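The values are calculated or read from the model by the stated rules, or taken from the named source; none is laboratory data. It should be emphasised that the depicted structure is a prediction, and the values quoted were computed from it without experimental measurement. Every residue, glycine among them, receives a Cβ derived from its backbone with ideal geometry; neighbour counts consider all protein chains shown.
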Amino acid sequence: MNESWQYQVRIKLAPEYATMARRDPSNEKLAPINTVLAKHNAEPKCQYDAFADYVAQAERDGIEHYPLYRWTRETIENRAKKAKYLESFTLYVNGEEVYEKGVADALEADLQSLATDAIAEIRKYDTNPANNPQPPSYGNQSSR
């Protein structure tokens, strides 16, 4: 069977730029990145903020409905991991977390063409579970 995976682009920003992207996303120092993102109708979401939002939503709705709650909470409470995820941004295209390969390839290529020290790393991920680490199982937690 021929699987059709979807893709996601993530960028790691240099610390100064990561803080800026979270607190002042329209700062002129981010203009080159913002121009590329606008071209692709892409919006950055800080991974730490996304994890914190997930934990807050789970705590409002009931953690039993959120199989990644424990792992996510442990992740955001770990200082080293927090520092890592504060600099990492998932790029949503047309409001979607994952998208077609051609869309991801074009976004990745345009980001790579930028001559900026703001971007420390660009990565593209696919939705193939074999290519992605799985969070730990905690025994009695149900999984979806």
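With the requirement that a residue be in a loop (DSSP other than H, G, I, E, B) and either among the basic types (Lys, Arg) or touching a Pro at 6+ places or on another chain (Cβ under 8 Å) (or both), what does region 1-57 give you?
Across region 1-57, the qualifying residue is only Pro25.
Given the residues Ser88, Ser137, which is the only one that is touching a helix residue (DSSP H, G or I) at 6+ places or on another chain (Cβ under 8 Å) and of a type outside the set (Asp, Glu)?
Only one candidate qualifies: Ser88.
What pairs come up if the first residue lies in region 64-85 and is closer than 11 Å to Ala52 by Cα, the second is modelled with pLDDT of 95 or more and of a type in the set (Val, Ile, Thr), and their beta carbons are under 7 Å apart, counting only those six or more places apart or on different chains?
The qualifying pairs are Tyr69/Val55; Tyr69/Ile63; Thr72/Val55; Arg73/Val55; Ile76/Val55; Lys82/Ile76.
Somewhere in region 30-44, is a residue of a type in the set (Ser, Thr, Tyr), in contact with a Ser or Thr (Cβ under 8 Å, 6 or more places away or on another chain) and modelled with pLDDT of 95 or more?
no
Do we find that Ala106 is under 19 Å from Asn41 (Cβ atoms) and out of contact with any helix residue (DSSP H, G or I) (no Cβ under 7 Å at 6 or more places or on another chain) in this structure? So that I can check it myself, show each step before the final result.
Details: under 19 Å from Asn41 (Cβ atoms): yes; out of contact with any helix residue (DSSP H, G or I) (no Cβ under 7 Å at 6 or more places or on another chain): yes.
When the stated conditions are applied, Ala106 passes them.
Just name the residue that is surrounded by the fewest Cβ atoms within 10 Å (Cβ to Cβ) out of those in region 113-130 that are of a type in the set (Ser, Thr, Tyr) and under 12 Å from Gln8 (Cβ atoms).
Looking at the filtered set, the residue picked out is Thr127.
Applying the selection to region 101-141, what residues are under 27 Å from Val36 (Cα atoms) and of a type in the set (A, V, I, L, M, F, W, C)?
Passing the criteria: Val103, Ala104, Ala106, Leu107, Ala109, Leu111, Leu114, Ala115, Ala118, Ile119, Ala120, Ile122.
Report yes if some residue within region 64-77 is polar (S, T, N, Q), within 29 Å of Lys29 (Cβ to Cβ) and in contact with a strand residue (DSSP E or B) (Cβ under 8 Å, 6 or more places away or on another chain); otherwise report no.
At the first step, the residues of region 64-77 found to be polar (S, T, N, Q) are 72, 75.
With within 29 Å of Lys29 (Cβ to Cβ) added as a condition, the list becomes 75.
Still in the running and in contact with a strand residue (DSSP E or B) (Cβ under 8 Å, 6 or more places away or on another chain): none.
No: zero hits.
Scan region 1-35 for residues that are crowded, with 19+ Cβ neighbours inside 10 Å and of a type outside the set (Ser, Thr, Tyr) and jot them down.
Gln8, Val9, Ile11, Leu13, Ala18, Ala21, Leu30, Ile33
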